[in-house]
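Asker: This is the structure, below, for whatever I ask next.
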Amino acid sequence: MDMTLPVQTVRTTCPYCGVGCGVTATVRPGTVPIIAGDAAHGANRGRLCVKGAALGETLDLDGRLLHPVVREHGAMRRASWDEALDRVAGGFASIVAEHGPDAVALYVSGQLLTEDYYVANKFMKGYVGSANIDTNSRLCMSSSVAGHKRAFGEDLVPGCYEDFELADMVVLVGSNTAWCHPTLFGRILRAREARPQLRVVVIDPRRTATCESADLHLPIKPGTDVWLFNGLLSYLAKHGHGDAAYVAAHTEGFDAALAAADADCSDPAQVARICRIDQGKLLAFYEGFAATSRVVTAYSQGVNQSSSGTDKVNAIVNCHLLTGRIGRPGMGPFSLTGQPNAMGGREVGGLANMLAAHMDLDKESQREAVRSFWESPRIAAKPGLKAVDLFRAVEEGTVKAVWIIATNPLVSLPDADQVRRALDKCALVVVSDIVGATDTTAYADVLLPALGWGEKDGTVTNSERCISRQRAFLPAPGEARADWWAVCEVARRMGFTGFDFEGAQAIFDEHARLSSWRNGVHEAGRRVFDLSGMTGMDRQAYDALEPIQWPVLRDTDGAVTPTPRLFADGRFAHANGRARFVATAPRAPVHAVDGEFPLALNTGRLRDQWHTMTRTGKSARLAGHTPEPFIDLHPNDALLYGVREGELARLTSRWGAMVARVTHGGGIARGSVFAPIHWSGQTASDARVGALVNPVVDPVSGEPEFKHTPVRVEPFVVEWQAFVLSRTALAVHDVANWTRVQGDGFVRYELAGRGPAHAEWARTVLNVDEQADWIEYDDVGAGVYRAAHVLEGRLEACVFVARRAAPLPPRQWLAGLFGQEKLAPMDRATLLAGRAPQLGPDPGPTVCSCFGVGRNTMCTAIRKQGLRSPAAVTACLKAGGNCGSCLPEIARLLVEEQHGAATA
Ligand SMILES: Nc1nc2c(c(=O)[nH]1)N[C@H]1C(S)=C(S)[C@@H](COP(=O)(O)OP(=O)(O)OC[C@H]3O[C@@H](n4cnc5c(=O)[nH]c(N)nc54)[C@H](O)[C@@H]3O)O[C@H]1N2
Ligand SMILES: Nc1nc2c(c(=O)[nH]1)N[C@H]1C(S)=C(S)[C@@H](COP(=O)(O)OP(=O)(O)OC[C@H]3O[C@@H](n4cnc5c(=O)[nH]c(N)nc54)[C@H](O)[C@@H]3O)O[C@H]1N2
Ligand code: SF4
Ligand SMILES: [Mo]
């Protein structure tokens, strides 16, 4: 880094979840940037969750893809940008010439900036002439998009974050907000502290961290949300809680929706039975909803990722329309978006069934509007393939070239082994990523190095329609270039005009101008998405752009007005201005459990990891929370199927299998299993959960049923278990199972195997020769083997083997030894015991990542000091005092310890 550069603080936006927190990065030449929350950003007002706070630990260049790579005769070699881009453009052009535009495809991501997304969409729909561009938002928000379009006539989120604070009831449906949208969850909890009448209801089959802070938790049977909300609609209508004037003036279709709801769900006792919840709790929810006018119903993947996802969305929206609770402060349905720019992708029309700027692919006049604005030679005339179908078409050979940008489908799509088969067969696979080795890049013919967070420049839109700048504060590493640049270069090389942008600001300007193009010509054709107040920004204005909520209009005096809330006037985007009720007949998940596959697999997220871990996986602090993949199920089911807590088990579905350690997190009902989504082929031998997930999709949105796949569980029999901590990454071999995770100064491997695992094996795995300083302990009879490699007095690596997992020593103390430049003689002597000489207590797994406080430490303090509240735990141990992400888990430990004390 140039040492003459001054210390500089850059305001930008977090690259992870859809809350879209403002971040400041303070860059001092030669040091790691200091990351903090931006107090001036309305989304988070200075706070960050643990992932955001750890961003500085993910910025190093280890593993980064720093130059283009191409495949030649099966082997990968470095290439110039010119060669790589020519290869992409030439490949796309010749396939289009021979097989037509629908033989090529783009598969992009809600982690792109709006500017990247805009040009990718323009390239495919306006120039290649196919709508075969889909995005991982298909897997994420597409049911909400479809639900919004059905109800409101356009993909619009009515409210804003402030509504959560103004509400008297916040209903969280299929959302683990505490872990997945933590700073927004913090806002809800702080609002409740100030106004205790605010109640939080959680509807989730699992008892998640979010439930710890809930006033009411309805642990419904997976997939029964439509019954629950139809039942609510019926209840509200029957007991006179509807707003008849609102329904008459601003909506249509109520009678049909009510008839559909009444058909199956008019009897709360019956609904409670179907949803498998206590009838008293169900009625408490219905009565509470009925009696509270300020209700926000926020929902996420438990709603969207379902074969009835769109109906779930509309069943929720119906209840808000009936009560007229929409468009006013403190109320409304609210789709929590997942990725940082899920919304931006929708604005530019990044889905295969959408057109740019909220225009419709199936309306001739709007297709022509977009084409004429672009002055493009053509425009896609029909919807393209949605993600799951797209990769099927790749396997079938009808799609012959695919360019994957900023997503890792070999891990994240359902039936993920099918994606592997598809890419294996595909004639031309192009992957743009920031990381060299991912499960998907392994199948690339051309690899293009992208700029990552902190290097790239542009805009993102969060869940509340707020457009914020992501600003660069680091130099471009190696030859990495912006994704928009690579798309424009390929377009140019294919002979397309209209891609000569000098920078992100020029693209944004075109995007903003398109949003107002032929908009509002007549009232019925008016699109709410309108950025006319943001057109004409020069570079300086774009760089200085403050967060702003769309639509952004400019009045005749030139004054610009943002829009925190939509629909205040009861006017919706359908041609007649009315919102539509949608009749939602409930239906069960497509694949039911049966004798062969008796358990329903639910998949989702952990607090401290982001998706396939290519970035969060770099931080040892984040890894401490959950170092290994797991299979969480009810203890009685474990007993029934012969698997044991702490041991390995195999989970199998009709589509694939995985292996992970069994846990009883305490929140899973009988008949269900939960597994996290984060592990890939890079971090575990067999824990890619996507391989098991059924590829069934919602018929309206095309969103996969990620939360419900029938599976069976059985023991994964091994003869030994082991772990290795090593300063350098290893090529593990002769094991039946492995996982790896980044530690502070070392890599940690958890291993299991069959056959001998003693000196010879350990030496080859750890790559040590005869001369090495190698200390070992071998008890063949007991099946115990321990060894350590010391180099010039410093611990290089250690390995511990035992017949079962339980007797292996805790990893924490050993991990601490990697911080020592020279092993203390005492530590060396007792190293192989795996315990500190003055046996310090094992802190247990990390709960508070910010201050590194373990579970055991917390439980001991709670017991010994008689702590009664999370605040008391924070006062005593600091834990929870920084980002607060662990407060729900602290709350749970308090309950468990108090319960333990009461029953002891
Ligand atoms: N820490 C972290 N945060 C993230 C992400 C991350 O990777 N890590 N990813 C971001 C992204 S892209 C997204 S999309 C969001 C997702 O955010 P969330 O949707 O909150 O997260 P998930 O864990 O996928 O699933 C939410 C819950 O749905 C429940 N569920 C399963 N089936 C049903 C059902 O039938 N009905 C109901 N009501 N609930 C059900 C699950 O038990 C789970 O607790 O998180 C964002 N934030
Ligand atoms: N079983 C199951 N599967 C799921 C889900 C689930 O709940 N259950 N959830 C689904 C959901 S909601 C989502 S959003 C997806 C997420 O799934 P993915 O999108 O596949 O996951 P990520 O790990 O975020 O992949 C992003 C990739 O882009 C790279 N990258 C990061 N920044 C940039 C950049 O600026 N440019 C480029 N070109 N590359 C970049 C990263 O290194 C990484 O390889 O997973 C889906 N899959
Ligand atoms: S809540 Fe956390 S992950 Fe989400 S935007 Fe804020 S800091 Fe980033
Ligand atoms: Mo997502």
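FYI, it's all coordinate maths here, none of it is from the lab. Just so you know, these numbers come straight off a predicted model, no measurement behind them. Methodologically, a virtual Cβ is constructed for each residue, glycine included, from the backbone with ideal geometry; neighbour enumeration extends over all protein chains shown.
Asker: Taking the number of other C-beta atoms within 10 Å as the exposure measure, put ARG187, ARG661 in order starting with the fewest.
Answerer: Least crowded to most crowded, the residues run ARG187, ARG661.
Asker: Assuming R0 = 35 Å, can you tell me the calculated FRET efficiency for the pair ARG571 and ASP267, based on Cβ-Cβ distance, to the nearest 0.05?
Answerer: With a Förster radius of 35 Å, E is 0.45.
Asker: Follow-up question, since we're still on this one. Tell me the Kirkwood radius of the chain: reciprocal of the mean inverse pair distance over distinct alpha-carbon atoms, in Å.
Answerer: Computed over Cα pairs of the chain, the Kirkwood hydrodynamic radius comes out at 28.6 Å.
Asker: Next question, about the same structure. Within a Cβ distance under 9 Å of MET534, other residues only, what is the Lys/Arg minus Asp/Glu net charge?
Answerer: Taking every Cβ under 9 Å from that of MET534, the sum is 0.
Asker: Right, another one. Can you tell me the dipole magnitude for the chain around its Cα centre, using point charges on the Cβ only (Lys, Arg +1; Asp, Glu -1), in Debye to the nearest 20?
Answerer: 1460
Asker: Follow-up. What is the packing order of peptides 307-315, 290-298, taking the mean over residues of other C-beta atoms within 10 Å and listing the highest first?
Answerer: Put in order of decreasing packing, that is 307-315, 290-298.
Asker: Could you please report the charge total around THR728, scoring K, R as +1 and D, E as -1 over all other residues with beta-carbon less than 14 angstrom from its beta-carbon?
Answerer: Counting the neighbours of THR728, the net charge comes to +2.
Asker: Given H placed 1.01 Å from N in the peptide plane, which residues other than close sequence neighbours of TRP403 have an amide H under 5 Å from its amide H?
Answerer: Result for TRP403 returns ALA105, LEU106, TYR107, VAL430.
Asker: Rounded, prolate or oblate: pick one for the range 720-839, where a ≥ b ≥ c are the square roots of the eigenvalues of its C-alpha gyration tensor, a/c under 1.5 means rounded, and failing that, prolate if a/b is larger than b/c, else oblate.
Answerer: Rounded, since a/c falls under 1.5.
Asker: Given the Cα-Cα distance of ASP769 and ALA875 and 0.36 nm per residue of separation, how much length would full extension add, in nm?
Answerer: Extending this stretch completely gives an extra 33.1 nm.
Asker: Using 0.36 nm times the number of residues separating GLU98 and GLU287, minus their current alpha carbon distance, what extension gain do you get?
Answerer: Once the chain is fully extended between GLU98 and GLU287, it gains 61.7 nm.
Asker: Are there any GluC sites (Glu not before Pro) in the range 350-393 that are in a DSSP loop and have at most 11 other Cβ atoms within 10 Å? List them by number.
Answerer: GLU375
Asker: Please give the net charge around LEU832, taking every other residue with its beta carbon less than 14 angstrom from that of LEU832, where Lys and Arg add +1 and Asp and Glu add -1.
Answerer: Summing Lys/Arg as +1 and Asp/Glu as -1 gives -2.
Asker: What are the residues whose amide H is under 5 Å from the amide H of SER672, where those residues sit 5 or more places off or on another chain and H is modelled from the backbone?
Answerer: So SER672 has HN proximity to ALA600, HIS634.
Asker: With the crude spin-label approximation of a point 7 Å out along Cα→Cβ, what separation in nm comes out for ASP779 versus LEU823?
Answerer: About 1.9 nm separates the two model spin labels.
Asker: Considering only Cα-Cα distances, which of the following residue pairs are longer than 26 Å: LYS51/LYS400; LYS425/LYS618; LYS618/LYS864; LYS221/LYS281?
Answerer: LYS51/LYS400; LYS425/LYS618; LYS618/LYS864
Asker: So if R0 is 45 Å, what FRET efficiency would THR556 and ARG45 give, r being the distance between their Cβ atoms, rounded to the nearest 0.05?
Answerer: Step by step, r from the Cβ atoms, then E = 0.85.
Asker: Further question: When a footprinting reagent is the concern and you count Cβ atoms within 10 Å, what order do ILE188, ILE133 take, fewest first?
Answerer: ILE188, ILE133
Asker: Among bridges DSSP assigns within the chain, what percent are antiparallel (round to 5)?
Answerer: Bridges in the chain that DSSP calls antiparallel: roughly 65 percent.
Asker: Right, here's the next one. Which listed residue (ASN602, PRO699, PRO710) has the Cα farthest towards the positive end of the charge dipole for the range 599-715, taking +1 on Lys and Arg C-beta and -1 on Asp and Glu C-beta about the Cα centre?
Answerer: Value: ASN602.
Asker: Tell me, what is the FRET efficiency for ASP734 and VAL32 to the nearest 0.05, using R0 = 45 angstrom and their Cβ-Cβ distance as r?
Answerer: FRET efficiency, ASP734 to VAL32: 0.75.
Asker: Along the Cα-to-Cβ line of ALA806, 7 Å from the Cα, sits a label point; which residues in the range 691-731 have backbone N less than 20 Å from it?
Answerer: The answer is 714-723.
Asker: What ranking do HIS148, HIS664 get, fewest neighbouring Cβ atoms within 10 angstrom at the top?
Answerer: Listed from fewest to most nearby Cβ atoms, that is HIS664, HIS148.
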